[in-house]
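Just below is one structure, and these are the notes that go with it.
None of the figures in this text is laboratory data; all of them are computed from the coordinates on show. Predicted model, so just to flag it, every value in this text is computed and none were measured. Here the Cβ positions follow ideal geometry from the backbone for every residue, glycine too, while neighbour counts run over all protein chains shown.
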Amino acid sequence: MLEKTPGLLELLLRGLSAEVLQWKPAADRWSITEVLAHLLMIEQLYEQRARRIVIEESPALPRYAPPAESEAPKKPARQYLEELVALRRAFVFFLHAVPSAAGARTGIHPEMGTITLSQMLHELANHDLGHIRQVAELYRACCFYPHAGPFRKYSQPQP
């Protein structure tokens with residue numbers, strides 16, 4: 001799954017306008033651009049954690065601390081996607097070089113305690129799928145559902 005995420009996102013988002021990428025279903029909900037920014041931040045965090053787990057003995061892992069909205073970099077969706085794709089492909093390349101036994105290596109998380117590399121990578125794949133679904137729902141709710149006429153009674157997008 002970790003290898004598939006870049007291609008899935010590239011395929012899903014190909015050709016979408018800036019308006020669609022920035023559309024929000026409500027003020028307190030994310031746009032596709034904001035989802036991509038979040039995915040990039042999580043990728044950077046997990047890539048750093050994974051490298052430390054592989055290299056160090058049970059390292060203390062940093063807690064995820066999202067930046068304040070005013071501190072978050074504002075970039076176009078395409079830039080977030082390009083950076084995410086490049087980082088994920090490099091991360092997957094690194095993971096292919098790691099022996100499978102390294103999945104049992106551990107790190108210490110401040111809230112969860114001891115976690116294995118395998119558990120963390122499974123959570124990253126789980127996280128990817130949740131946000132791929134979110135991106136698809138945003139696309140669906142913005143571009144297709146409003147124009148489905150009487151067919152709208154058969155679906156209720158949940159972006």
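Amide H of HIS109: which non-local residues (sequence gap of 5 or more, or other chain) have their own amide H closer than 5 Å, using H built in the peptide plane?
LEU61, THR114, ILE115
Based on a Kirkwood Rh over C-alpha pairs, give the Stokes-Einstein translational diffusion coefficient of the chain at 20 °C and viscosity 1.002 mPa s in µm²/s. Can you show the working numbers first?
Values: Rh = 17.2 Å.
In µm²/s, the coefficient rounds to 125.
Could you please state, rounded to a whole Å, how far the C-alpha centre of the range 80-121 is from the C-alpha centre of the range 1-39?
First find each Cα centre; the distance between them is then 22 Å.
Work out from phi, with θ = phi - 60° and the Karplus expression 6.51 cos²θ - 1.76 cosθ + 1.60, the ³J(HN,Hα) of each residue of the range 132-148, listed in order in whole Hz, and give x for Gly and Pro.
Calculated HN-Hα couplings, in order: 5, 4, 4, 4, 4, 5, 5, 4, 4, 5, 7, 9, 10, 4, x, 10, 8 Hz.
Can you tell me the relative contact order of the chain? Whole percent, Cα pairs under 8 Å, sequence separation 6 or more. Could the numbers behind the result be given before it?
Working: 152 pairs, mean separation 49.1, N = 159.
Result for the chain is 31 percent.
Pick from GLY103, GLY113, GLY149 the residue whose mean-square fluctuation is largest in a GNM of the chain, springs joining Cα atoms under 10 Å.
GLY149
I need the trypsin sites (Lys or Arg not before Pro) found in the range 1-109, filtered to DSSP loop residues with at most 14 other beta carbons within 10 Å of theirs.
Numbers: sites: LYS4, ARG14, ARG29, ARG49, ARG51, ARG52, ARG63, LYS74, ARG78, ARG88, ARG89, ARG105; in loops: ARG14, ARG29, ARG63, LYS74, ARG105.
Hits after loop and neighbour filter: ARG14, ARG29, ARG63, LYS74.
Which distance in nm do the two modelled labels at ILE55 and ALA26 give, with both placed 7 Å along the Cα-to-Cβ direction?
Between ILE55 and ALA26, the simple spin-label model gives 4.3 nm.
How large is ³J(HN,Hα) for each residue in the range 75-87, as worked out from phi by the Karplus curve 6.51 cos²θ - 1.76 cosθ + 1.60 (θ = phi - 60°), to whole Hz, x for Gly and Pro?
10, x, 3, 4, 5, 4, 5, 4, 5, 4, 4, 5, 5
Give a residue-ordered list of calculated ³J(HN,Hα) values for the range 25-42 (Karplus: 6.51 cos²θ - 1.76 cosθ + 1.60, θ = phi - 60°; whole Hz; x for Gly, Pro).
Result, ordered by residue: x, 7, 4, 9, 10, 7, 8, 4, 4, 5, 5, 5, 4, 5, 4, 5, 4, 5 Hz.
Please list the non-local residues whose amide H lies under 5 Å from the amide H of SER31, H modeled 1.01 Å from N, same-chain partners needing a gap of 5 or more.
Distant-sequence amide H within range of SER31: zero hits.
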